[in-house]
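Asks: Got a structure for you, written out below as structure tokens; questions coming shortly.
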Amino acid sequence: MKRVLFLDRDGCLIVEPSDEQVDSLDKLDLMPGVLEALKRLKEFFTFVLVSNQDGLGTPSFPEPSFSVPHQEMLRLFRAEGVEFERECICPHFPNDNCICRKPKISPELRQYLDKNPDLDLTRSYMIGDRGTDMQLAKNIGCEGITIGPGNTWSNIASLILHSFT
Ligand SMILES: [Zn+2]
């Protein structure tokens, strides 16, 4: 059965800047150890990106300001053989009360889950740095792992891979 790593972007795959918006190439920084970790994990998991990008497409965060560093990030991962099967991105603000913002399961994510009935969700993980990521894990029915200074990518990769031995 297929296992998934649902992955938050900012604060998980890439460093979250102090203003919480990665809108230029010079604000793009991969999280320490993430490439090595995902290279180890890709043999066992499919990767799905789930990210809230507040106000994407509005004057405060125009689409090109998002896509230039985002595409570069994807290129850096792809160069190491790491690809995302699906990207679910909510472009709304918290006050928009949309249906696609974490911790909600967006229609796009719901469609992905429905179209892949062979997913082994109880042995899949949502990795992120916020409470909303852990709530999304509960909503999906997978395990949540909080990444942070006390739980780095090398810890997480070892923890997950340990379950295979
Ligand atoms: Zn949304």
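Asks: Report for the chain the percent antiparallel among DSSP-assigned beta bridges with both residues inside it, nearest 5.
Replies: Percentage antiparallel, nearest 5: 15.
Asks: Solvent-accessible area per residue for the range 4-162 at a 1.4 Å probe radius, Å²?
Replies: Numbers: 7660 Å² over 159 residues.
Spelled out: the 1.4 Å probe surface of the range 4-162, per residue, equals 48 Å².
Asks: Considering only protein heavy atoms and a 1.4 Å probe, what is the carbon-and-sulfur percentage of the accessible area of the chain?
Replies: That share works out to 51 percent.
Asks: Using Cα-Cα distances under 8 Å and only pairs 6 or more residues apart, what relative contact order does the range 4-162 have, in percent?
Replies: Across the range 4-162, relative contact order equals 27 percent.
Asks: Still on this structure, please answer the following. Rounded to the nearest 10 Å², what accessible area does Ser18 have for a 1.4 Å probe in the complete protein model?
Replies: Approximately 130 Å² for this residue.
Asks: Strictly over 19 Å apart at the Cα level, which of Lys2/Lys39; Lys42/Lys104; Lys2/Lys104; Lys39/Lys104 would you flag in this model? Walk me through the numbers on the way to the answer.
Replies: Details: Lys2/Lys39 17 Å; Lys42/Lys104 26 Å; Lys2/Lys104 22 Å; Lys39/Lys104 28 Å.
Violating the 19 Å limit, Cα to Cα: Lys42/Lys104; Lys2/Lys104; Lys39/Lys104.
Asks: Also, quick follow-up: On the first, second and third principal axes, largest extent first, how far apart are the outermost C-alpha atoms of the range 92-161 in Å?
Replies: 36, 32, 14
Asks: Give me the accessible area of His162, 1.4 Å probe, in Å² rounded to the nearest 10.
Replies: The value for His162 is about 130 Å².
Asks: Restricting attention to the alpha-carbon atoms of the chain, what are Rg (one decimal) and Dmax (integer), both in Å?
Replies: 15.1, 50
The values are calculated or read from the model by the stated rules, or taken from the named source; none is laboratory data. Just so it is clear, the model here is predicted, and its values are computed rather than measured. Note: areas computed on protein heavy atoms with side chains; ligands, DNA, RNA excluded. Shrake-Rupley method; radii C 1.70, N 1.55, O 1.52, S 1.80 Å.
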